[in-house]
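Encoded as structure tokens, the structure appears first; notes follow it.
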Ligand code: FES
């Protein structure tokens, strides 16, 4: 099956401050109507229902596991026994924090809003994502998913810089950049791209939180100097880096190598089946087509939503390897041939993707 | 000057739910609250013009289907980013089993 994209020719300027932002608005790719599978309203209402139960249970397990593994890591500090505890602690902090940031940012994890807000603030700190900036950037990611010039969350642009992706397995670029951004916000500055999606009245919150975080990191730094040990930073700060690999492993499967500039999430998102531990850490975001098509559905109902729309979607991937054996060769080829991307095949039972509502192509 | 228009019958919207109502090129959302009352607001979210009738009613809140922005549909008050601009609300009355909204309000 072939489908159209409305991408501009290469070299493509992915910046929100560049000309493709305006182009996307002019040709109807920005703020557009996206394809949705048909689900009767009563069933949709059931799937959207919120409850506090699953997220409270999962959050207690998550925090309990953080305390246990962090505590044992600290207890065994200075011996090799600390290593496995810090590996698990890091994943729960640096990668578990990412999915909690995401779900609580949508406000769907808990029914009670203050619980979403509380976990959101903690998870933002763990992932070094300013709560206000990232709430707005993620809103834009949902409005204009992988629309070049509009989506601030395109993590690998074409042609891909593979070295960056490899370094970010341990957050080597991403996290210091996030700390640098935190210092920039703490000094009261935003880039033009950030100003594009953050309304004026929201900006003081950005600066306030960045100042609080800077104070916390300074306290951690002072504790390290005082104790003559990096142990405090192993517990607060560094896990954003050494625990990021699971986030990257899951996050790269979401959109990488798929179509840009389409208006159908079945063509630019991947849904995959993964092991229960990763699903716990990732809070079911492996059902990524489902999440993008219906962001109102809480993470714990996504498996049901998946069954509901399965006949209308491309086949899910079975495991990480199934994704990466597609992603790695695609990225490799895109270094030389940036026009190349993976065209997802819709099954015979699916409704076709609607034509793009635009006049200009190429 | 009021302009009451018939939006639906009382039984058309389940409790704690919302329905879209289009009239004369305008779009509204009509709500049936868990305590049995009816309310009406503009039909489109103030953030990005998405139909609120596809969203979720929880108690007195309507959550937008696009970015989960929340409004109190009784007052139209926006309850937090990315819903920052209040919704316009309209008076509602029930007569002979029908729900009317005053679209001139
Ligand atoms: S369109 Fe309603 S919150 Fe964004």
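The values are calculated or read from the model by the stated rules, or taken from the named source; none is laboratory data. What you are looking at is a predicted structure, and each value in this text was computed from that prediction instead of being measured. A quick note on method: Cβ atoms are made from the backbone with ideal geometry, for glycine too, and the neighbour counts reach across all protein chains shown.
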Contacts under 6 angstrom Cβ, first residue in segment B:79-91 being without any contact (Cβ under 8 Å) to a residue 24 or more places away in the chain, partner within 13 Å of the ligand (Cβ to nearest atom), 6 or more apart
B:79/B:70; B:81/A:135
Yes or no: residue A:96 closer than 15 Å to residue A:58 by Cα and more than 14 Å from every other protein chain (Cβ to nearest Cβ)?
yes
In segment B:29-76, which residue that is part of a loop (DSSP other than H, G, I, E, B), within 14 Å of the ligand (Cβ to nearest atom) and away from every other protein chain (no Cβ under 13 Å) is surrounded by the most Cβ atoms within 10 Å (Cβ to Cβ)?
B:73
Residue A:326 fails exactly one of the following numbered conditions: (1) under 26 Å from residue A:9 (Cβ atoms); (2) surrounded by fewer than 17 Cβ atoms within 10 Å (Cβ to Cβ). What is the number of that condition?
(2)
What are the residues in segment B:77-89 that are more than 13 Å from chain A (Cβ to nearest Cβ), crowded, with 19+ Cβ neighbours inside 10 Å and assigned to a loop (DSSP other than H, G, I, E, B), if any?
B:87
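Identify, from the list B:99, B:18, the residue that is within 14 Å of chain A (Cβ to nearest Cβ), assigned to a strand (DSSP E or B) and more than 10 Å from the ligand (Cβ to nearest atom).
On the way: B:99 fails: within 14 Å of chain A (Cβ to nearest Cβ).
Every option except B:18 fails the conditions.
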Test for residue A:31: is it at pLDDT below 95, touching a helix residue (DSSP H, G or I) at 6+ places or on another chain (Cβ under 7 Å), surrounded by fewer than 20 Cβ atoms within 10 Å (Cβ to Cβ) and within 13 Å of chain B (Cβ to nearest Cβ)
yes
Would you pick out the residues in segment A:34-69 that are under 23 Å from the mean Cα position of the chain (by Cα), within 14 Å of chain B (Cβ to nearest Cβ) and assigned to a helix (DSSP H, G or I)?
A:47, A:48
Could you please give the count of residues in segment A:206-222 that are touching a helix residue (DSSP H, G or I) at 6+ places or on another chain (Cβ under 8 Å) and either surrounded by 17 or more Cβ atoms within 10 Å (Cβ to Cβ) or free of Cβ contacts under 8 Å to residues at least 40 places away in the same chain (or both)?
10
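Quick check: anything in segment A:288-296 more than 27 Å from residue A:39 (Cβ to Cβ) and buried (at least 18 other Cβ atoms within 10 Å of the Cβ)?
There is no residue in segment A:288-296 that is more than 27 Å from residue A:39 (Cβ to Cβ) and buried (at least 18 other Cβ atoms within 10 Å of the Cβ).
Checking the structure you have, find out if any residue of segment A:35-47 is touching a residue at least 60 places away in the same chain (Cβ under 8 Å) and closer than 28 Å to residue A:174 by Cβ. Talk me through it step by step, then tell me what you get.
Initial filter on segment A:35-47 (touching a residue at least 60 places away in the same chain (Cβ under 8 Å)): A:35-39, A:43-44, A:47.
With the extra rule that they be closer than 28 Å to residue A:174 by Cβ, the set shrinks to none.
The answer is no, given that none of the residues of segment A:35-47 is touching a residue at least 60 places away in the same chain (Cβ under 8 Å) and closer than 28 Å to residue A:174 by Cβ.
When you scan segment A:107-177 for helices (runs of 4 or more DSSP H) that lie fully inside it, which ones turn up with 3 or more residues that are more than 16 Å from the ligand (Cβ to nearest atom)? Write out each step before concluding.
Working: elements: A:113-127, A:131-143, A:162-167.
By residue number, A:113-127, A:162-167.
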